[in-house]
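The values are calculated or read from the model by the stated rules, or taken from the named source; none is laboratory data. What you are looking at is a predicted structure, and each value in this text was computed from that prediction instead of being measured. Accessible surface areas use protein heavy atoms only, side chains included; no ligands, DNA or RNA. Shrake-Rupley method; radii C 1.70, N 1.55, O 1.52, S 1.80 Å.
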Amino acid sequence: MQAEHQALLEPINQFLQCATPPEWIEAAKKPENLPMILLDHLVCELKAGQQAMYLIRKYAVDKESGDALLKWLEPFERLIYKKEGDWRELASKNKLSKSVLPKSDSPYGQDLIDKMVLLIKEELHHFYQVLEIMDEYDIAYRSITPARYAKGLIRNVKTYEPDTLIDKLIIGAYIEARSCERFAALAPHVDKRLSDFYISLLRSEARHYQDYLALAKQIAGAENEHKVDERIKFFGEIEAELISSPDSDFKFHSGVPV
């Protein structure tokens, strides 16, 4: 791996409280598990876009802008949830139909919008790229059950603001960081087409995790930075437990296969 990629991974490996277990890598290397890896990766890209969009709609924009955001995501969701539409047409649909304006009473609104809109565009582009690869490998899309990973993190979110938002941003950071770490871990064990794709994702995924953390600290304010650090540690321990404990459901973010 190039020095540039190692430099991207270094802070991520320090941020995560454990590395991907070798047992997971061994399972992920098996050709029979490639369809599940790609299917779950595909769904994860859409979910990442959905979560970023939820944050913008809930915390930063008016209803008109929120409706425009929903329209942007609609063809991607229709393909996954209703199996409607031609995936080849999605590349032309990855655009926002109007400018998105922050709520006047949201001091961090524009920063949240700027970071999350870029993230959504990139996640939807990656979604399309995974569909291209699945087509090349003759892997048909099918519905799969969600992994325990995201649910295991989200159930610990506080129920009052701004702590709810801060917790969700920290969880977003962990999901992006773990994705980045797993792409790097998988890259040496797959064919060149997949390896090149996984390496190409490192830069954007690394930036996504940093953007989430920066927003969490900005919203909390300098006077509460120690509280954010405590929550980062708290969620880091939960995330590491989900990754390092036995897991009967093999997925992209699953734990040790059993």
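For each pair in Lys58/Lys93; Lys103/Lys158; Lys115/Lys227; Lys63/Lys251, compute the distance between the two Cα atoms and list the pairs where it is over 29 Å.
In this structure, Lys63/Lys251 exceed 29 Å between Cα atoms.
Provide the per-residue ³J(HN,Hα) series for the stretch 239-256, in order, calculated from phi with Karplus coefficients 6.51, -1.76, 1.60 and θ = phi - 60°, each as a whole number of Hz, with x at glycine and proline positions.
Ordered by residue, 3J(HN,Hα) equals 4, 5, 5, 5, 7, 9, 8, x, 9, 7, 10, 6, 9, 5, 10, 7, x, 6 Hz.
Please compute the volume of the convex hull spanned by the alpha-carbon atoms of the chain and report it per residue in Å³.
It comes to 129 Å³ per residue, whole-number rounded.
Between Val61 and residues 5 or more places away or on another chain, which pairs have amide H atoms under 5 Å apart, with H built 1.01 Å from N, and which residues are they?
Here the answer is Lys103, since their amide H atoms fall under 5 Å of that of Val61.
Let me see the P(r) profile for the stretch 41-123: every Cα-Cα distance counted, bins of 5 Å, each bin given as a percent of all pairs.
In order of increasing distance, the bins hold 3, 15, 27, 25, 15, 9, 4, 1, 0 percent.
With all protein chains present, how much of the accessible area of the chain (probe radius 1.4 Å) comes from carbon and sulfur, to the nearest whole percent?
52
Report the relative contact order of the stretch 1-257, percent, no decimals, based on alpha-carbon pairs under 8 angstrom and at least 6 residues apart.
It comes to 29 percent, rounded to a whole number.
Over the stretch 1-257, give the accessible area per residue in Å² for a 1.4 Å probe, as an integer.
With the other protein chains kept in place, the stretch 1-257 gives 47 Å² per residue.
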